[in-house]
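FYI, it's all coordinate maths here, none of it is from the lab. Please read all numbers here as calculations on a predicted model, not as lab measurements. Cβ coordinates were reconstructed from backbone atoms using ideal geometry, including for glycine residues, and neighbour counts include every protein chain displayed.
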Amino acid sequence: MKKYIVFSLFSLFATLSFAQIDRTQPPKPGPAPQINLEEPTRFELKNGLKVMVVENHKLPRVSMQLIIDNPPILQGSKAGVSDLTSSLLGKGSETISKDDFYEEVDFLGASVNVSDQSASASCLSKYFPRILELMADAALNPNFTQEEFDKEKERILTNIKSEEKDVSAIASRVQLALAYGTSHPYGEITSEQTVNSVTLADVEKHYRDYFVPANAYLVVLGDVEFENVKTLVTQYFTPWSKAVPPSYSYAKPKDVQYNQINFVDMPNAVQSEVAVQNITELKMKDPDYLNALLANRILGGGSQARLFQNLREDKGYTYHAYSGIRDNKYSPMRFNAGAQVRNTVTDSSVVQILSEIDRITKEPVTQEELTNAKAKYAGNFVMALESPETIAEYALNIETEDLPKDFYKTYLERLQAVSIADVQNAAKKYFSTSNARVVVTGKGSDVLENLEKVTFNGKAVPVLFYDKSANKTEKPDYSAPLPEGVTAQSILEKYIDFIGGKDKLEGVNSYAMIAEAETQGMKLELEMKKTTKYQFLQDIKVMGNSVQKRVLDGDKGYAIAQGQREDFSEEEIEKVKEESAAFPELNYLAAGNITIEGIEPVGDRKAYKLKITDKKSCFYDTETGLKLQVVNIEEIQGQQITNTLGFHDYQEVSGIKFPFKLVQTAGPQNLEFTVKEIKVNEGVEATDFE
Amino acid sequence: MKRYLVSAIFMLLIINHLVSQEVDFEEYDLDNGMHVILHQDNSAPVVTTAVMYHVGSKDEDPQKTGFAHFFEHLLFEGTKNIERGEWDKIVSSNGGNGNANTFLDRTYYYETFPSNSLETGLWLESERLLHPIIGQIGVDTQKEVVQEERRLRVDNSPYGAFFEVLLKNLYTKHPYRWAVIGSLEHIASATLDDFKNFRDTYYVPNNAVLVVAGDFEKEKTKKMVSDYFGPIPRGAEIKRTVVVEDPITTTRKATYYDPNIQIPAILLAYRTPGQAEREAYVINMISTYLSDGESSKLYKKLVDEKKIALQIFSVPIDAEDYSSYVVGGLPVGENSIQDIKNEIDAEILKIQSELISERDYQKLQNKFENNFVNANSSVSGIANSLAENYMLRDNTNLINTEIDIYRSITREEIMEVAKKYLKVNQRVELEYLPEQKEAN
């Protein structure tokens, strides 16, 4: 009985208390939260270093940041010197070796980083004095050594090299270079040549010139006492000699006179990088700063924005489409809208992006778009306040960007006050569809034909051509007419004659080759043997262990991969038989069914393209006649993958010219084999094919 | 019921006394069994709402792996009151952000908002639990998405399969033996009823903890919590059987070929105690000792001095029933994975046979103190720790006391634990090798 009463009382209570909410509508947000913005306390050293201290005792930790607010630095013929300087900093000091420095920082559970225009550190508050001292020591008394310099230079050169075929890296380099010009700090190109011209002395000079206190700010944040910070900073940073960085002028970036496509040909591209860009002059202190940010957000600032909705959700051209606007007090900046798109929709994507930019300048945005964009900015602003770094960042911006003192106090108010008309005016002012530079980086032979037909607002958009270093160049020539008398047969004959002649080649009964490749420190060995009796052996070893082996002996054969042996199917036997020919051109010539498909560029050469089968073509140099590459299209798990084998460095063995360098490219993988040994009519036993 | 109330009040009192430290919180149960943890911190106008469900890949039927993770995707597909595709819009139009994740033992959903949208967070999470729409459209869409995710994270990602392969070798009976993302075939062949059953079993309030952390008023929030979550009916008790593994007594050797890599790796994996055990904390210290930072033992010796390894790593992977500890490396140049194995073994042998130095011990203490302080720097991080400590370590207050465990671990204990768990014959040795495409 008693139990029952308790129970029913409880359920009554429960019903009463749950009855009042309406679940069918999202709850209305409460009144906007109060924003509490603290002010940092400040002091300045005689050398010009300005210090801000934000005390926050919630957690026993401290972070410190040194920022040198210099104008952008033009590196010119020494481009790369900034990067090199940064990578040599923060590795000890004149009096502390690299090992001791790392050991001590690790021991204290802290972190310290220094680069050519900044430094930062974080630690528990009890170790603050020592970490501040270590950061100051590493930043002000660096230990530049030739040994570390050589190591870092090598690393930067390797990176530059690895980017040569990287479509995204080339695209962003050329986009910047075209927007700003290559003699502007934001547009200059770091190349193998410029890096090679940098010496240790240049690094030391770069550091001496620019790591100076004239425009420097030090922010100390966390569980500290102002007076203590003042004493320590004064002690460690007073030795920093007063100096001003050198200044110079450079041409102001400008928009193009008319809409144009700037095309960069990358024959290996499987997607096109499209960027529509123009120059803006936006500073944080401009009255329409927030209007411009909102216009950009509605156009291309995320997955709810128009570019994403149009190019991805609606059309499926791309995985991601975006736009970006930048403010800068020193220089006009680039506004860009773009995407990585499939080759076949390159021209359509250009038109769609231009149209979306055009629409936001010509038609008002909807109230819902504006409300949601404001909500996102307001939310980010409010939530950022959780991090004490925000207080410091805001105070720093007010100082360096010359903002009104109440810039952040009135931020939400000003954000809410932005109207639909304000957004449209900002779009008109900052986005251009009459002086737009459309940079397209992609595979010309696939995309150019349609790209040259692009019209926008009733006008043709001309295509201009640039190389990978943003220099003007000629239109790549894909359709050069075949010279009189050139046929598939004459190409094959020229090749056969050049490498040794038909008689010589027919006299080859067996052939053995050993080649080596190295990828990121690991050695691959390739052994291959062939005979005229449909015998074939291919063995790939990694560090001495066989990882893949394929063997054919007449009408039977097998493959071993991952330790598992599998016999060839009949289809596979036919395929390997084809591969077992030492000089397949002899067979092509005999078959007589090979067709010529035209002239295409291969690297910096031009080549005749011969179609061998639907999935295989060979390329022969138009001048020398040598075979430059074989392209196979393979199907792996339903995906078509292009596998290219390039031939270089032909050398003579037993009177026949063989390529001694083989470069295999499949997808992002690139393997460079160097032939160690080739034997003709020796070194092959019947047992090799068992 | 009465007794329950008393003890709950008593508990609250005690907790309030204990936690005059870094992270102050209050916890209680709703009548439907849902556990609630409130951490109030009004210093910034930010609030996180989060729900952790005690369901992970280990709760799956071996014939239906991948369900827990699939469910996480499905529960963004809309509810009775939230149309398909609206979820993200609601979160972002309130200026917030959110996401979810799934692991071996639990599934976690969260949103962070400016604090005036707290109620929206509670509404979203209660809708997710009360009446999600489990329909064919959502299932079909998410099947595609999860397949993409598997391709992105495992099949096309360098070294992406290592955890899956290790689990398979470390466990033979325990459901940790399959990967969280599970089998694409299982997901592809699953029926709508399978998913509904899974939901009815595990997505019940008595299997969940709700955390509200950040800027709010306590009484008002308790009222809202009970309004939104109180009416959700309690589910059946969940039967859990703990599977006990036989100890590994001889080294298990495994090989895996990854088409996405160029450099081989060696991975040595040990089965270690569940994450609530004191010994699991000792393993964490050993891991930091070996590989955290440029002056750590393995990094300094193998990467910096001898230049044998391009990279070395060691990771304790915490889980409820057993944890796994993985240590390994990638060779550089002519060096082999055997060279790396030898060096790692030599270093582990040292820990087993002599005490680590006083200075290294102090360094470890400093590092753990630093991690401890930084772990509690955002309300979203605090929410996650509170939920996990309550659900998987059975002690919410660990958020404040975990550091005491590390402080109390001695150098002798480090040696003992290394001896007990890091034996060569108790581990899996995985050779993770590049799969070479034919070169011609």
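If R0 is 45 Å, what FRET efficiency do you get for B:D29 and A:K58 from their C-beta distance, rounded to 0.05? Mind dumping the intermediate values first?
Working: r = 30 Å, r/R0 = 0.66.
Rounded to the nearest 0.05, the efficiency is 0.90.
Where Lys and Arg each count +1 and Asp and Glu each count -1, what net charge lies around A:A591 among other residues with Cβ under 12 Å from its Cβ?
On the way: positive: none; negative: A:E578, A:E585.
My count for the surroundings of A:A591 gives -2.
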Response to the item:
Output row, site A:D100, 7 Å Cα→C-beta label point, backbone N cut-off 14 Å, window region A:109-141, residues A:134, A:137-138
Worksheet entry | Formal net charge of residues neighbouring A:E570 (Cβ-Cβ distance under 13 Å; K, R +1; D, E -1) | -2
Practice prompt. Give the residue from A:L89, A:G338, A:Y210 lying farthest towards the positive end of the charge dipole for chain A; charges sit on Cβ (+1 for Lys and Arg, -1 for Asp and Glu) and the dipole is referred to the Cα centre.
Written response: A:G338
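Treating only the Cβ of Lys, Arg, Asp and Glu as charged (+1, +1, -1, -1), what charge dipole size does chain B show about its Cα centre? Round to the nearest 20 debye. Intermediate results must be reported in sequence, preceding the final value.
Working: 47 positive and 67 negative charges, 147 e Å.
It comes to approximately 700 debye.
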Worksheet entry | Unit charges at the beta carbon, dipole of the protein assembly as shown: most positive-side option, A:L552, A:F101, A:T622 | A:F101
Worksheet entry | Charge dipole magnitude, Cβ of K and R +1, D and E -1 - region B:43-131, Cα centre, debye nearest 20 | 40 debye
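Could you quote the convex hull projected area for region B:90-209, Cα atoms only and averaged over all directions, in nm²? Show your work: numbers first, answer last.
Working: hull surface 37.8 nm².
The directionally averaged projection comes out at 9.4 nm².
How large is the translational diffusion coefficient of the protein assembly as shown in µm² per second when you combine the Kirkwood radius over alpha carbon pairs with Stokes-Einstein at 10 °C and 1.306 mPa s?
Numbers: Rh = 34.1 Å.
The calculation lands on 47 µm²/s.
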Worksheet entry | region A:540-545 - phi-based ³J(HN,Hα) in whole Hz, Karplus 6.51/-1.76/1.60, Gly and Pro as x | 10, 10, 10, 6, x, 9
Item to complete: Can you give me the P(r) profile for region A:381-522? Cα pairs, bins 5 angstrom wide beginning at 0, each as a whole percent.
Response: 2, 6, 7, 8, 7, 7, 8, 9, 10, 9, 6, 4, 3, 4, 5, 4, 2, 0
Worksheet item: If you plug each phi of region B:217-232 into the Karplus form 6.51 cos²θ - 1.76 cosθ + 1.60 with θ = phi - 60°, what whole-Hz ³J(HN,Hα) values come out, in order, with x for Gly and Pro?
Response: 9, 5, 5, 4, 5, 4, 5, 5, 4, 6, 5, 7, 9, x, x, 6
Worksheet item: At A:T238 and B:T201, where each label point lies 7 Å from the Cα along Cα→Cβ, what is the point-to-point distance in nanometres?
Response: 7.2 nm
Fill in: region B:136-160 versus region A:366-391: alpha-carbon centroid distance in Å
31 Å
Worksheet item: Other chains near A:371-382: what is the mean number of their Cβ atoms within 10 Å of each residue's Cβ?
Response: 5
Worksheet item: Mind checking the angle between helix A:167-180 and chain A's longest principal axis? C-alpha axes, 0 to 90 degrees, to the nearest 10.
Response: 50 degrees
Worksheet item: Long-range amide H contacts for A:F673: which residues qualify at under 5 Å (H placed 1.01 Å from N, peptide plane, sequence gap of 5 or more or a different chain)?
Response: A:L662, A:V663, A:Q664
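Quickly rank B:390-397, A:107-114 as a protection proxy: mean count of other C-beta atoms within 10 Å, highest first. Please list the in-between numbers first.
On the way: B:390-397: 18.4, A:107-114: 21.4.
Going from most to least packed, we get A:107-114, B:390-397.
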Practice prompt. Rank-order B:94-104, A:244-254 by packing density, defined as the average count of other C-beta atoms within 10 Å over each peptide's residues, highest first.
Written response: B:94-104, A:244-254
Item to complete: Compare the Cα positions of A:T145, B:A375, A:L294 along the charge dipole of the protein assembly as shown (+1 at Cβ of Lys, Arg; -1 at Cβ of Asp, Glu; about the Cα centre) and return the one farthest towards the positive end.
Response: A:L294
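When A:D314, B:D227, A:D209, B:D215 are ordered from fewest to most other Cβ atoms inside 10 Å of their Cβ, what list results? Mind showing how you got there, number by number?
Values: A:D314 10, B:D227 19, A:D209 14, B:D215 23.
Exposure proxy ranking, most exposed first: A:D314, A:D209, B:D227, B:D215.
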Worksheet item: Quick one: helix A:200-210 against the long Cα principal axis of chain A, what's the angle to the nearest 10°, folded into 0 to 90?
Response: 30 degrees
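Just want the ordering: A:K50, A:K533, from fewest to most Cβ atoms lying within 10 Å of their own Cβ. Provide the component values of the computation, followed by the final result.
On the way: A:K50 19, A:K533 13.
So the ranking, lowest neighbour count to highest, is A:K533, A:K50.
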Worksheet item: At q = 0.15, 0.21, 0.28 Å⁻¹, what is the log10 ratio I(q)/I(0) for region B:368-418, with the Debye formula run over Cα points and no solvent?
Response: -0.48, -0.80, -1.04
Practice prompt. Would you kindly derive the ³J(HN,Hα) couplings of region B:143-149 from the backbone phi angles with the Karplus curve 6.51 cos²θ - 1.76 cosθ + 1.60 (θ = phi - 60°), listing them in order in whole Hz, with x for Gly and Pro?
Written response: 4, 4, 4, 5, 4, 4, 4
Fill in: Between region A:427-502 and region A:271-329, the alpha-carbon center distance in angstrom
29 Å
Practice prompt. As a check on your grasp of the helix formula, calculate [θ] at 222 nm for the protein assembly as shown: sum -39500 (n - 2.57) over DSSP H runs of n ≥ 4, divide by the residue count, round to the nearest 500.
Written response: -11500 deg cm²/dmol
Item to complete: Give, rounded to the nearest 20 debye, the magnitude of the charge dipole that region A:168-209 has about its Cα centre when Lys and Arg contribute +1 at Cβ and Asp and Glu contribute -1 at Cβ.
Response: 100 debye
Response to the item:
So the pair-distance distribution of region B:58-102, from every Cα-Cα distance in 5 Å bins, comes to percents of 5, 19, 21, 21, 14, 10, 7, 3, 1
Worksheet, complete the sentence: Taking Cα atoms only, helix B:278-291 is inclined relative to the longest principal axis of chain B by an angle, in degrees rounded to 10, of 50 degrees
Fill in: Kirkwood estimate for region B:16-146, i.e. one over the average of 1/r between Cα atoms, Å
16.3 Å
Discussion item. What does the charge count around A:D604 come to, taking other residues whose C-beta lies under 15 Å from its C-beta (Lys +1, Arg +1, Asp -1, Glu -1)?
Written reply: -4
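Classify chain B as rounded, prolate or oblate, taking a ≥ b ≥ c as the square roots of the eigenvalues of its Cα gyration tensor: rounded when a/c is under 1.5, otherwise prolate if a/b is larger than b/c and oblate if not. Present the calculation step by step, with values, prior to reporting the outcome.
On the way: a/c = 1.95, a/b = 1.36, b/c = 1.44.
Oblate shape, in that a/c is at least 1.5 and b/c is the bigger or equal ratio.
Over the whole of A:542-552, what's the average partner chain Cβ count within 10 Å per residue? Rounded to a whole number, please. Let's see the in-between values first.
Working: counts 6, 8, 1, 4, 1, 5, 6, 1, 2, 0, 0.
Going residue by residue through A:542-552 and averaging, the value is 3.
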Item to complete: Could you line up A:T642, B:T65 from fewest to most neighbouring Cβ atoms inside 10 Å?
Response: A:T642, B:T65
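Could the peptides A:31-39, B:234-242, B:191-199, A:259-267 be put in order, highest first, of the mean number of other beta-carbon atoms found within 10 Å of their residues?
Details: A:31-39: 13.0, B:234-242: 10.4, B:191-199: 15.1, A:259-267: 21.6.
The packing order, highest mean first, is A:259-267, B:191-199, A:31-39, B:234-242.
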Fill in: Cα centroid separation - region B:389-417 against region B:74-113, whole Å
33 Å
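Determine the shielding of peptide A:24-36 by partner chains: average, over its residues, the number of Cβ atoms on other chains within 10 angstrom of each Cβ.
Details: counts 3, 2, 13, 11, 4, 11, 8, 1, 4, 10, 4, 3, 4.
If you average over the peptide's residues, the count of other-chain Cβ atoms is 6.
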